[in-house]
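In what follows, a single structure is set out as structure tokens and then discussed.
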Amino acid sequence: MAKINSIDVYCKICKTWSQAPLFIRDTETFASMVASGNTTNCPKGHIINSNKENFRVRSDDGGFRGNDTF
Ligand SMILES: [Zn+2]
């Protein structure tokens with residue numbers, strides 16, 4: 001488990017990053033969140049699936065960038 005410093009979510013429709021409306025502070029909680037099949041929204045209201053391929057995470061162990069955000 002590592003401390004999360006920021007979580008950004010990528011909207012494919014807007015083609016922009018925004019700060020994810022998530023209040024998660026460690027990688028373990030993030031992993032369980034993305035496994036739950038929830039959705040989140042970009043600032044313009046587009047629905048984004050909460051699977052980790054849509055997220056970019058910066059954490060104390062480095063973080064990652066999802067495959068669908070390139
Ligand atoms: Zn959007």
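Just so it is clear, none of the values below were taken in a lab; they were calculated from the coordinates. The shown structure was predicted, so the numbers you read here are calculated from the model rather than taken from an experiment. When we count neighbours, we look across all protein chains shown, and the Cβ atoms used for this are built from the backbone with ideal geometry, even at glycine.
In region 53-70, what residues are on the phi < 0 side of the Ramachandran plot, in contact (Cβ under 8 Å) with a residue 24 or more places away in the chain and in a loop (DSSP other than H, G, I, E, B)?
Answer for region 53-70, where residues must be on the phi < 0 side of the Ramachandran plot, in contact (Cβ under 8 Å) with a residue 24 or more places away in the chain and in a loop (DSSP other than H, G, I, E, B): D60, D61, G66.
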| said: Quick check on my filter: what residues within region 1-52 are more than 16 Å from the ligand (Cβ to nearest atom), exposed (fewer than 13 other Cβ atoms within 10 Å of the Cβ) and either of a type in the set (F, W, Y) or assigned to a strand (DSSP E or B) (or both)? | reply: K3, N5, S6, F23
